[in-house]
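Chemist: Structure in structure tokens, see below.
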Amino acid sequence: MTDLTANTEAEVVEIVRSAREWKSPLNIMGARTKRAFGRAAAEWGTVFDLSGLKGIVSYEPEELLLTVLPGTPVVEINALLDANHQRLGFEPADWGPLLGAPANKGTIGGAISVNANGPASVRFGRARDHLLGFRAVNGFAEAYKGGGKVVKNVTGFDLPKLMCGAMGTLGPLTELTFRVFPKHAEKTFVTASDDGAVLRKVAASPLEATALLHRDGKAYVRLEGALDEKTAMLRALGDFRETDALPGPTLPKTPFPPEPPARAVLTRAVKAAFDPLGLFNPGRMYEGV
């Protein structure tokens, strides 16, 4: 079956309207770097390719605000922000090589949909803390928006948080707005550690590390800003030496653990509210979701 594509929100609406009329499921995808993550896409569904829905809608460095289309590659967003010494706080992890896909090809919509949080989330928070607003299309073929462009903009249900990690099961995203953060000069350090206890010391200190990782008997710490002072403080906590970079990302061990009965009922109720016909990525998280 021929893939469906959309380059505008209006085209997304029309495709969803047709899928609704035919009761034909849509396997929503972007760069397809995370296709192997989670449960398999429904074999009877039609691929709905949103990789063409890409670009920077607006960027206000002085306001720490960025609005993009979901098919925009993460590397392009990082390059734009780097030029202004800024960053996405959750530092989207590149899972592509871990899933048999090329590196540096993932989209921001995919990162949000799988909740691909990176090392800096230990300091700034996870994706759900930084997605301020979004636009999407629901199972009624209606374009709608959730959240906004200010941090404290929520009354009632916080829809942006709901979209993070939803695996596209609630519908195709068509626009995303993030708050961004300043980025400073950085250094990465490593020390031997059997149990990672030294990382707890660093976390409890005023160092405000932007990465804390324990891997293969080693503890890694990344520091930013005031590096001379912070390096001295870090070395007072352990036998740290400078290293080139952090180790690469790992995948969640259990992407979708079994849900308690009460939560399963709620999950299915939310799915039914956004996608009553079960059109969007059916079964990608749980059976029937």
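Chemist: Check G148, G171, G248, G217 and return the single one that is surrounded by fewer than 20 Cβ atoms within 10 Å (Cβ to Cβ) and either assigned by TED's automatic domain parsing to the domain that holds R20 or of a type in the set (D, E, K, R) (or both).
Modeler: That would be G148, the only listed residue that is surrounded by fewer than 20 Cβ atoms within 10 Å (Cβ to Cβ) and either assigned by TED's automatic domain parsing to the domain that holds R20 or of a type in the set (D, E, K, R) (or both).
Chemist: Find all pairs meeting these conditions: Cβ atoms under 9 angstrom apart; at least six residues apart or on different chains; first residue within region 19-42 and on the phi > 0 side of the Ramachandran plot and in the same structural domain as N104 (by TED's automatic domain parsing); second residue at pLDDT 95 or above and small (G, A, S).
Modeler: Once the first residue is on the phi > 0 side of the Ramachandran plot and in the same structural domain as N104 (by TED's automatic domain parsing) and sits in region 19-42, its partners that are at pLDDT 95 or above and small (G, A, S) give K23/G278; R32/S51; R32/A101; R32/G110.
Chemist: Condition (residue is at pLDDT below 95, more than 23 Å from L65 (Cβ to Cβ) and in a loop (DSSP other than H, G, I, E, B)) applied to region 177-194: is it met by at least one residue?
Modeler: Among the residues of region 177-194, at least one is at pLDDT below 95, more than 23 Å from L65 (Cβ to Cβ) and in a loop (DSSP other than H, G, I, E, B), which makes the answer yes.
Chemist: While we're on this one: What's the total number of residues in region 96-134 that are in contact with a Lys or Arg (Cβ under 6 Å, 6 or more places away or on another chain) and in a loop (DSSP other than H, G, I, E, B)?
Modeler: Final tally of qualifying residues: 2.
Chemist: Restricting to region 265-286, and then to whatever is among the charged types (D, E, K, R) and modelled with pLDDT of 95 or more, can you tell me which residue is surrounded by the fewest Cβ atoms within 10 Å (Cβ to Cβ)?
Modeler: To start, the set of residues in region 265-286 that are among the charged types (D, E, K, R) comprises 268, 271, 275, 284.
Right, trim to modelled with pLDDT of 95 or more and you get 268, 271, 275.
Numbers: R268: 14, K271: 21, D275: 23.
Applying the filter and picking the extreme gives R268.
Chemist: Taking the stated definitions as given, is V137 touching a residue at least 12 places away in the same chain (Cβ under 8 Å) and surrounded by 14 or more Cβ atoms within 10 Å (Cβ to Cβ)?
Modeler: Details: touching a residue at least 12 places away in the same chain (Cβ under 8 Å): yes; surrounded by 14 or more Cβ atoms within 10 Å (Cβ to Cβ): yes.
When the stated conditions are applied, V137 passes them.
Chemist: Then there is this: Does A232 satisfy the criteria of being surrounded by fewer than 17 Cβ atoms within 10 Å (Cβ to Cβ) and outside the structural domain of E63 (by TED's automatic domain parsing)? Can you show your working first?
Modeler: Details: surrounded by fewer than 17 Cβ atoms within 10 Å (Cβ to Cβ): yes; outside the structural domain of E63 (by TED's automatic domain parsing): yes.
Yes: the conditions hold for A232.
Chemist: Considering region 42-98 alone, what residues qualify as being over 23 Å from L213 (Cα atoms), of a type in the set (D, E, K, R) and surrounded by 15 or more Cβ atoms within 10 Å (Cβ to Cβ)?
Modeler: D49, K54, E76
Chemist: Considering region 47-82 alone, what residues qualify as being within 16 Å of M167 (Cα to Cα) and either without any contact (Cβ under 8 Å) to a residue 60 or more places away in the chain or under 18 Å from the mean Cα position of the chain (by Cα) (or both)?
Modeler: Step one: filter region 47-82 for residues within 16 Å of M167 (Cα to Cα), giving 47-51, 70-71.
The answer is V47, D49, L50, S51, P70, G71.
Chemist: Here's something else I'd like to know. Test D194 against the stated conditions and say whether it is surrounded by fewer than 14 Cβ atoms within 10 Å (Cβ to Cβ), outside the structural domain of W22 (by TED's automatic domain parsing) and closer than 24 Å to G96 by Cα. Talk me through it step by step, then tell me what you get.
Modeler: On the way: surrounded by fewer than 14 Cβ atoms within 10 Å (Cβ to Cβ): yes; outside the structural domain of W22 (by TED's automatic domain parsing): yes; closer than 24 Å to G96 by Cα: no.
No, not satisfied.
The values are calculated or read from the model by the stated rules, or taken from the named source; none is laboratory data. Since the model is a prediction, treat every value here as computed from it, not as a measurement. Note that each Cβ is placed from the backbone with ideal geometry, even for glycine, and that neighbours are counted across all protein chains shown.
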